[in-house]
Amino acid sequence: MSREYETVIGLEVHVELATKTKIFCGCSTAFGGAPNTHVCPVCSGMPGSLPVLNRQVVEYAAAVGLATNCTITQCCKFDRKNYFYPDNPQNYQISQLYLPVCRDGKVEIETADGKKTVGIHEIHMEEDAGKLIHDEWEDCSYVDFNRSGVPLIEIVSEPDMRSADEVIAYLEKLRLIIQYLGASDCKLQEGSMRADVNLSVRPAGTSKLGTRTEMKNLNSFKAIARAVENERRRQIELLEEGRPVVQETRRWDDNKEYSYPMRSKEDAQDYRYFPEPDLPPVVISDQWLEEIRQRQPELRDEKLARYKEEYMLPDYDAKILTSSKKMADLFEETVALCQKPKKVSNWLMVETMRLLKEQEMEPEDMAFSPENLAKLIELVEAGTINGTIAKEVFELVFRDNIDPAAYVEEKGLKTENDTDALREIVEKVIADNPQSVADYRNGKEKAIGFLVGQTMKATRGKANPAVINQLLKELL
Amino acid sequence: MDILQYTAAELGKKIKAGEVTVKEACEAVFARIEEKDKEFNCYITVDREGALARAAEVQKQIEAGTLTGPLAGVPVAVKDNMNTKGLRTTCASKILEDFVPSFSAEAVRNLEKAGAVIIGKTNMDEFAMGSTTETSYYGPTKNPCSPEHVPGGSSGGSAAAVAARECFYALGSDTGGSIRQPASFCGVVGMKPTYGTVSRYGLIAYGSSLDQIGPLCKDVTDCAIVLEAISSHDPKDSTSLDRTDTDFTSALVEDVQGMRIGIPRDYFGPGLDPEVREAVLAAVELLKKKGATVEEFELSLVEYAIPAYYVIACAEASSNLARFDGVKYGYRAKEFEGLHDMYKRTRAEGFGTETKRRIMLGSFVLSSGYYDAYYLKALRTKALIKQAFDKAFAKYDVIIGPAAPATAPKLGESLSDPIQMYLGDIYTVSVNLAGLPGITVPCGRDEKGLPIGMQIIGNCFEEKKLIRMAYTYECGRRKEGAEL
């Protein structure tokens, strides 16, 4: 490549809000119902039905706006976006165009290159569409309106990002903020968080924006990183060949690591937006806004600082513990029970992270209780079980949330602290392993390790290794 | 006395007194429908079986003393754009020919709570788009006062059914005059309340920001009773108002002493039929004799009301009617290739000419590049019209004018020239744009014997002033021996 190029990226992020009911009716938002069981006249577009706004949606949207330093539009409005598609029962989507609920925000992100600010253009509220199910055998399609009317917010960033790393950092930042607020679980794989990437390139040092494309169907952070890199390269190649970038929407295929055009600007639809006449303007009074502000929980950055200060945790540990709301909650609840922050941190940082990775789970999927983790820590601290046994028991706590105290009792896993009984076993190990004994006596310090291992084996792992060590030294 | 001669209030009393049974009232209506409706075509659907079953139930409740309201047991006709659970609701369109709603409109439910018996669903202009009830897929309704004339529209079936005594009262909807104008053409009383007074839940929307349900009745008393019954704050309609002043019958007082009437000169200018002008001014004269003060004034902006109304109503309609696509309910084209062809054929075949015209008009004014020039300008005009009314109501309690420039046209005269038909809405559409209440009361007939209506317009929430004025006028005319 003859020239240096700069990549300019802006994101449109859709987040499904964690309300119990839909945005404009009382139907459940729960996943997994049989098709068309969470529907009513409103969310299936029956004639004569009218929308009624769910206040919780406004509260979540405003909470996200406050947490991302937005100005809250205290008199915001809904608009209709008109387009025909069978997953959209009214053939219009109720959204916000002219007066969105939040505007002009910003978040700080951190990458290997340092910190920077990404601007947020706006956040608006809207309804999700239903789902089409295509029956290949019957050559027909069915519509499931269970998702129709599930509340979404769309967070539109400014074109402030320059690399895939920044995109990921920005998304992580949003995800943590929203999870901490409890406004959504933000799972990319399950679609409760969806990101469309607007990307253009321009010669480095110039300020005029190049022609952008919009990339859809990005279902993981990895896919986003790959798509950004791929699209950047594709656009630079076009420019280098003297060909224009076409403004279009493209769809990413992560298996083929390739994107293809869905529709160009020429056949872009005219959505004929106009103010939704069935909904009066949403007035967020000073008092209501203050209530929302008061209810804002401690967010990630504050929590991170507090962990370092209050629990004296290293930056690295505090970052990992606060990297998911679930992990942080578990940490704090367990510490409240056992008062041993460093120990709790260790269990979460080492064993928990290992098991999560091994089982390809998200922290949100953890199902064990802080009580059981606290009990396990107590058992170790009291010397009731040793570290090896504790790890084994923890796997069961992690998997099945067992009560470790009861389990240790039941399986007879308590550490053998009876020195007389242990002394007999050690004597037998010494008698059975003359070679190792000789080695030790000849100055091979390491040989004692073998003898400790043999003793542990003989006690089925229950002995306290420190006691064995002491006994061995004494008897040799 | 023939049961059919009773007003709704009179019949309600007779039923309560045990002099007439609910079944007898219904049978009288069905006999009348049997006799007359082949000619007038007021009804799209008559629910004889449902009504008689309901009549028996209501009769029991009246006898048990659990239903005591003035409308208990009185048969009613409902415009076919209001959902009636289990009873076909077509909006007078082919596209909803077999549509049976799963829920009833809130206004209908309120009437049912009051003990009403629904006789059937009345004819209308397709999706309430029209001023003559000729755009109905189910054929035109004829004016019972003179069957070669139209009954007006879009609630023409409701107005004609009341005039023809094929029901005791009816519900209509008014987006740009659709209650007041047919009431005027058929010689009945029709009222459009303040926007938000009657829930729109279950009313199949035409122009959502303008639509309002209201009564069509034999006299002002019935009108006040029915409006009182159907008004309610409905959390299912976000534009519904929480009013505590809906005891409209308390305004049935024969006294207008000291009330100030404004006569907008702009409503009596060129284009107004001289006979209509004379009749309305004579009615105003009667009110003056009763002690009201009368003053002429300039309302202004009248000529902008029609373009603003058609832009806004059609814009909303183009979106509201998008759901009729052949996917979920209603008519679907028999033959098509692929999704978009299905949409196009279904809508081309399912909607009538006037409906398609308004959908196209509305889609056009919302298109990118035209939105500001048409839709936004219409919204600004709407705001200015509201201001003009605010100014007028600072000086006057009510404004009086005609409901339409002329009496009912002949069948077949209007549809060939839609612009001319739209211009006929000049005295009614402003009221919808400003969200005001308006009532039409009969005030005479022209030399062809066609009814003339006087329209009384009030400020928002001032239905009681309208009722008082209309009631006083009606009493005065009765005393003069006029046939109402």
Check: Can you tell which of B:Ser173, B:Ser208, B:Ser154, B:Ser146 is modelled with pLDDT of 95 or more and not in a loop (DSSP other than H, G, I, E, B)?
Finding: B:Ser173
Check: Across segment B:240-262, which residue is surrounded by the most Cβ atoms within 10 Å (Cβ to Cβ) among those that are out of contact with any strand residue (DSSP E or B) (no Cβ under 8 Å at 6 or more places or on another chain) and among the β-branched types (Val, Ile, Thr)?
Finding: B:Val256
Check: For segment B:213-234, which residues satisfy the criterion of being assigned to a helix (DSSP H, G or I) and among the acidic types (Asp, Glu)?
Finding: B:Asp222, B:Glu228
Next item on the list: Could you tell me which residue of segment A:141-157 is modelled with the lowest pLDDT, considering only residues that are over 19 Å from A:Gly33 (Cβ atoms) and among the small types (Gly, Ala, Ser)?
Entry: A:Ser141
Next item on the list: Out of the residues in segment B:340-366 that are out of contact with any helix residue (DSSP H, G or I) (no Cβ under 8 Å at 6 or more places or on another chain) and surrounded by 14 or more Cβ atoms within 10 Å (Cβ to Cβ), state the one that is nearest to the other protein chains (Cβ to nearest Cβ).
Entry: B:Tyr343
Next item on the list: Any residue in segment B:438-450 that's over 13 Å from B:Pro215 (Cβ atoms): show its pairings with residues that are surrounded by fewer than 24 Cβ atoms within 10 Å (Cβ to Cβ) and modelled with pLDDT under 95 at Cβ separation under 8 Å, as long as the two are six or more apart or on different chains.
Entry: B:Pro442/B:Leu484; B:Cys443/B:Arg477; B:Gly444/B:Ala482
Notebook entry, point to check: Quick check: is even one residue across segment B:74-83 out of contact with any Lys or Arg (no Cβ under 7 Å at 6 or more places or on another chain) and surrounded by fewer than 24 Cβ atoms within 10 Å (Cβ to Cβ)?
Noted result: no
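Every residue, every condition in (1) touching a Cys at 6+ places or on another chain (Cβ under 6 Å); (2) in contact (Cβ under 8 Å) with a residue 60 or more places away in the chain; (3) part of a helix (DSSP H, G or I); (4) among the hydroxyl-bearing types (Ser, Thr, Tyr), yes or no:
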position	(1), (2), (3), (4)
A:Ala268	no, no, no, no
A:Pro280	no, no, no, no
A:Trp288	no, no, yes, no
A:Tyr316	no, no, yes, yes
A:Phe331	no, no, yes, no
A:Leu348	no, no, yes, no
Notebook entry, point to check: Of the residues B:Glu134, B:Glu112, which is of a type outside the set (Lys, Arg), away from chain A (no Cβ under 14 Å) and without any contact (Cβ under 8 Å) to a residue 12 or more places away in the chain?
Noted result: B:Glu112
Next item on the list: Hey, could you check segment B:242-252 for residues that are in a loop (DSSP other than H, G, I, E, B) and either at pLDDT below 95 or closer than 18 Å to B:Val226 by Cβ (or both) and say which is nearest to the other protein chains (Cβ to nearest Cβ)?
Entry: B:Arg243
Notebook entry, point to check: Identify, please: which residue in segment B:323-339 is in contact (Cβ under 8 Å) with a residue 12 or more places away in the chain and aromatic (Phe, Trp, Tyr) and is, among those, farthest from the other protein chains (Cβ to nearest Cβ)?
Noted result: B:Tyr331
Notebook entry, point to check: Going by the conditions given, is A:Ala112 of a type in the set (A, V, I, L, M, F, W, C), surrounded by fewer than 20 Cβ atoms within 10 Å (Cβ to Cβ), under 21 Å from the mean Cα position of the chain (by Cα) and away from every other protein chain (no Cβ under 14 Å)?
Noted result: yes
Item checked: Those strands (runs of 3 or more DSSP E) lying entirely in segment B:372-484 with at least 1 residues of a type in the set (Asp, Glu) and under 19 Å from B:Tyr304 (Cα atoms) -> none
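Identify all residues within segment B:12-50 that are among the hydrophobic types (A, V, I, L, M, F, W, C) and either touching a Leu at 6+ places or on another chain (Cβ under 8 Å) or part of a helix (DSSP H, G or I) (or both); write none if there are none.
B:Ile15, B:Val20, B:Val22, B:Ala25, B:Cys26, B:Ala28, B:Val29, B:Phe30, B:Ala31, B:Ile33, B:Phe40
Kindly indicate which of A:Leu396, A:Leu373 is crowded, with 20+ Cβ neighbours inside 10 Å and modelled with pLDDT of 90 or more.
The conditions single out A:Leu373.
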Margin query: Looking at segment A:1-30 only, could you name the residues that are assigned to a loop (DSSP other than H, G, I, E, B) and without any contact (Cβ under 8 Å) to a residue 60 or more places away in the chain?
Written below: A:Lys20, A:Gly26, A:Ala30
Margin query: I'm checking my understanding of the structure. Among residues of segment A:23-60 that are more than 14 Å from chain B (Cβ to nearest Cβ) and crowded, with 17+ Cβ neighbours inside 10 Å, which one is nearest to A:Glu154 (Cα to Cα)?
Written below: A:Tyr60
Notebook entry, point to check: Would you pick out the residues in segment B:176-205 that are assigned to a loop (DSSP other than H, G, I, E, B), more than 10 Å from chain A (Cβ to nearest Cβ) and surrounded by 24 or more Cβ atoms within 10 Å (Cβ to Cβ)?
Noted result: B:Gly176, B:Gly177, B:Ser178, B:Ile179, B:Gly187, B:Val188, B:Pro193, B:Thr197, B:Val198
Check: Are any of the residues in segment B:311-322 over 23 Å from B:Gln212 (Cβ atoms), without any contact (Cβ under 8 Å) to a residue 24 or more places away in the chain, surrounded by 21 or more Cβ atoms within 10 Å (Cβ to Cβ) and within 14 Å of chain A (Cβ to nearest Cβ)?
Finding: no
Margin query: I need a count of the residues in segment B:467-484 that are within 24 Å of B:Glu275 (Cβ to Cβ) and crowded, with 24+ Cβ neighbours inside 10 Å.
Written below: 3
Next item on the list: Kindly indicate whether any position in segment A:189-206 is modelled with pLDDT under 95, buried (at least 16 other Cβ atoms within 10 Å of the Cβ) and in a loop (DSSP other than H, G, I, E, B).
Entry: yes
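Just to be sure, is A:Ser264 modelled with pLDDT under 90, within 24 Å of the chain's Cα centre (by Cα) and among the polar types (S, T, N, Q)?
no
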Next item on the list: Output the number of the condition that A:Glu138 fails; it satisfies all remaining conditions of (1) surrounded by fewer than 23 Cβ atoms within 10 Å (Cβ to Cβ); (2) in a loop (DSSP other than H, G, I, E, B); (3) out of contact with any Lys or Arg (no Cβ under 9 Å at 6 or more places or on another chain); (4) in contact (Cβ under 8 Å) with a residue 24 or more places away in the chain.
Entry: (4)
Checklist line | Where B:Leu379 falls short, out of the listed (1) within 19 Å of B:Ser93 (Cβ to Cβ); (2) within 11 Å of chain A (Cβ to nearest Cβ); (3) in contact (Cβ under 8 Å) with a residue 60 or more places away in the chain | finding: (1)
Item checked: Selection count where residues are within 13 Å of chain A (Cβ to nearest Cβ) and under 14 Å from the mean Cα position of the chain (by Cα), scope segment B:208-224 -> 4
Check: Quick check: anything in segment A:61-77 farther than 28 Å from B:Ser104 by Cα, within 14 Å of another protein chain (Cβ to nearest Cβ) and surrounded by fewer than 19 Cβ atoms within 10 Å (Cβ to Cβ)?
Finding: yes
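Residues A:Pro100, A:Pro86, A:Pro35, A:Pro41: which one is touching a residue at least 60 places away in the same chain (Cβ under 8 Å) and part of a loop (DSSP other than H, G, I, E, B)?
Testing whether each residue is touching a residue at least 60 places away in the same chain (Cβ under 8 Å) and part of a loop (DSSP other than H, G, I, E, B) leaves just A:Pro35.
The values are calculated or read from the model by the stated rules, or taken from the named source; none is laboratory data. Here the structure is a predicted model, which is why all the values come from computation and not from measurement. Virtual Cβ from ideal backbone geometry, glycine too; neighbours counted across all protein chains shown.
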